[in-house]
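Have a look at the structure that comes next, please.
The values are calculated or read from the model by the stated rules, or taken from the named source; none is laboratory data. If you're wondering where the values come from, they're calculated on a predicted model, not measured in any experiment. Ideal geometry is used to build each Cβ from the backbone, glycine not excepted, and the neighbour counts take in all protein chains shown.
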């Protein structure tokens with residue numbers, strides 16, 4: 001039965017019920033009058049003075065009526081009332097039975113009322129939102145040789161919030177995720193970081209991400225800065241087209257032993273996610289990794305990976321440059337004009353007129369218990385306009401060990417090393433946290449043919465104290481060795497410290 005028909009029937013039954021109730025009230029008053037008449041039958045009574053609903057009877061004025069006559073008349077009326085009450089009771093029972101229909105589900109069909117529903121819609125748990133963020137407060141001291149100062153300039157000691165980020169992440173539906181992350185320590189203040197929408201299972205088990213994100217090239221580049229072994233990524237990171245605006249299709253094998261990703265993007269992208277330009281401005285990247293050994297217990301793993309990126313730079317202009325694995329700056333205007341406000345670049349190709357570039361990368365990583373190691377080799381092959389093709393290589397290798405027995409986790413969905421969970425966090429439980437030692441060697445060579453940007457090699461030693469899964473302190477010593485085509489060999493020693501907190 002439709003909702004409209006049910007409503008009409010209910011209104012009819014309500015009208016009938018009100019009519020029956022009114023008649024029952026009137027009959028009740030009649031019974032009260034009859035009772036009063038029988039009780040007072042010994043006294044003279046003028047007929048018609050007691051029962052308002054009774055029709056007058058023609059009796060001579062002043063004539064009295066006998067008790068037997070009144071009683072007989074009352075008995076007759078009582079029988080009539082009893083019969084009426086029984087009939088009304090039967091109708092009430094029928095109405096009660098019919099009223100049960102109001103307890104049944106009511107359905108309204110679209111053709112009857114397209115804009116009305118009798119049942120409220122179930123509340124959705126989407127969209128969801130979770131606030132996350134972190135900050136990294138750094139301080140650094142530089143000691144440069146005179147030749148190094150002549151080659152790159154005077155690097156000022158300083159302190160800085162290297163990163164200070166807030167992000168909202170969540171889902172707007174069961175298969176649509178998002179990230180909206182801003183950094184208040186980068187030059188944009190805020191600068192766009194990971195700002196994307198993720199569509200799950202678009203092609204098989206593959207996900208599609210659209211927006212600004214880290215491009216799929218480089219194991220270290222895809223490792224979160226919250227989980228880096230050292231304060232900064234190694235020197236070859238300068239070759240990677242890091243965060244760009246575009247789209248990427250990515251996924252893992254069913255056993256999560258292999259990852260793959262293919263992307264297309266605009267290049268280059270500024271701190272606000274914008275990219276404009278002619279004569280190019282596009283790039284692609286792809287990465288494939290495999291976990292050849294994955295054995296627990298023991299944290300025994302062996303990782304291999306490869307990556308490739310093709311870039312046709314906007315306006316046919318390209319540039320590579322890098323600092324010595326540390327960075328502090330002051331952009332608030334409190335520094336005198338003659339003083340450098342940023343850590344200087346130690347190697348720099350300058351502007352290169354280039355048709356396009358090919359970037360190749362290879363990865364090796366392994367872990368066993370509390371020990372782990374990671375390495376990469378990258379080379380950018382730049383096709384210059386009017387000049388020969390040049391190859392600009394870089395590589396790094398590092399190893400880490402936990403003195404307190406922890407293990408570096410492995411993120412199978414991204415094919416990178418992950419976070420550290422101390423066996424005993426510093427706090428009321430009396431733990432000492434996780435203590436980690438690490439050492440790294442890296443180099444970057446920007447000297448080839450007409451490109452003479454210098455060669456830089458770094459040796460870095462680090463100590464990390466993980467208080468808990470969300471708080472750590474880092475100490476790095478960096479010895480930078482520069483080979484400058486103009487100023488020759490020089491070096492610099494750098495001490496740097498960081499306080500990190502994430503939530």
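Residue 221 passes all but one of (1) in contact with a helix residue (DSSP H, G or I) (Cβ under 7 Å, 6 or more places away or on another chain); (2) touching a residue at least 40 places away in the same chain (Cβ under 8 Å); which number fails?
Exception for residue 221: condition (2).
Further question: Can you pull out the residues in the range 359-377 that are within 32 Å of the chain's Cα centre (by Cα) and under 18 Å from residue 443 (Cβ atoms)?
Correct list: 359, 360, 361, 362, 363, 364, 373, 374, 375, 376.
Answer yes or no as to whether residue 328 is at pLDDT below 95, more than 19 Å from residue 231 (Cβ to Cβ) and in contact with a strand residue (DSSP E or B) (Cβ under 8 Å, 6 or more places away or on another chain).
Working: at pLDDT below 95: yes; more than 19 Å from residue 231 (Cβ to Cβ): no; in contact with a strand residue (DSSP E or B) (Cβ under 8 Å, 6 or more places away or on another chain): yes.
For residue 328, the condition - at pLDDT below 95, more than 19 Å from residue 231 (Cβ to Cβ) and in contact with a strand residue (DSSP E or B) (Cβ under 8 Å, 6 or more places away or on another chain) - is not met.
Quick check on this structure: which one of 412, 428 is at pLDDT 95 or above and farther than 22 Å from residue 377 by Cβ?
Values: 428 fails: at pLDDT 95 or above.
The match here is 412.
Going by what's in this entry, would residue 476 be described as part of a strand (DSSP E or B), assigned by TED's automatic domain parsing to the domain that holds residue 231, out of contact with any helix residue (DSSP H, G or I) (no Cβ under 7 Å at 6 or more places or on another chain) and crowded, with 21+ Cβ neighbours inside 10 Å?
Details: part of a strand (DSSP E or B): yes; assigned by TED's automatic domain parsing to the domain that holds residue 231: yes; out of contact with any helix residue (DSSP H, G or I) (no Cβ under 7 Å at 6 or more places or on another chain): yes; crowded, with 21+ Cβ neighbours inside 10 Å: yes.
It is true that residue 476 is part of a strand (DSSP E or B), assigned by TED's automatic domain parsing to the domain that holds residue 231, out of contact with any helix residue (DSSP H, G or I) (no Cβ under 7 Å at 6 or more places or on another chain) and crowded, with 21+ Cβ neighbours inside 10 Å.
For the range 361-379, how many residues are closer than 15 Å to residue 297 by Cβ and in a strand (DSSP E or B)?
First pass over the range 361-379, keeping only residues closer than 15 Å to residue 297 by Cβ: 367-371.
After this cut, where a residue has to be in a strand (DSSP E or B) as well, the list is 367-368, 371.
Of the residues in that region, 3 qualify.
To continue, here is another question. Residues that are exposed (fewer than 14 other Cβ atoms within 10 Å of the Cβ): which strands (runs of 3 or more DSSP E) entirely in the range 128-193 hold 2 or more of them?
Working: elements: 130-144, 158-173, 176-183.
Qualifying strands (runs of 3 or more DSSP E): 130-144, 158-173.
Going residue by residue through the range 347-356, is there one that turns out to be under 35 Å from the mean Cα position of the chain (by Cα) and surrounded by 15 or more Cβ atoms within 10 Å (Cβ to Cβ)? Don't jump to the end; show me each part of the working.
The initial filter retains those residues of the range 347-356 that are under 35 Å from the mean Cα position of the chain (by Cα), namely none.
No.
Looking for whichever is within 28 Å of residue 458 (Cβ to Cβ), modelled with pLDDT under 95 and within 34 Å of the chain's Cα centre (by Cα) here; the options are 205, 160. Which one fits?
Numbers: 205 fails: within 28 Å of residue 458 (Cβ to Cβ).
When all the criteria are applied, what remains is 160.
Considering only residues that are part of a strand (DSSP E or B) and buried (at least 18 other Cβ atoms within 10 Å of the Cβ), which ones fall in the range 396-428?
The first filter runs over the range 396-428 and keeps only residues part of a strand (DSSP E or B), leaving 396-402, 410-411, 416-417.
396, 398, 400, 402, 410, 416, 417, listed by residue number.
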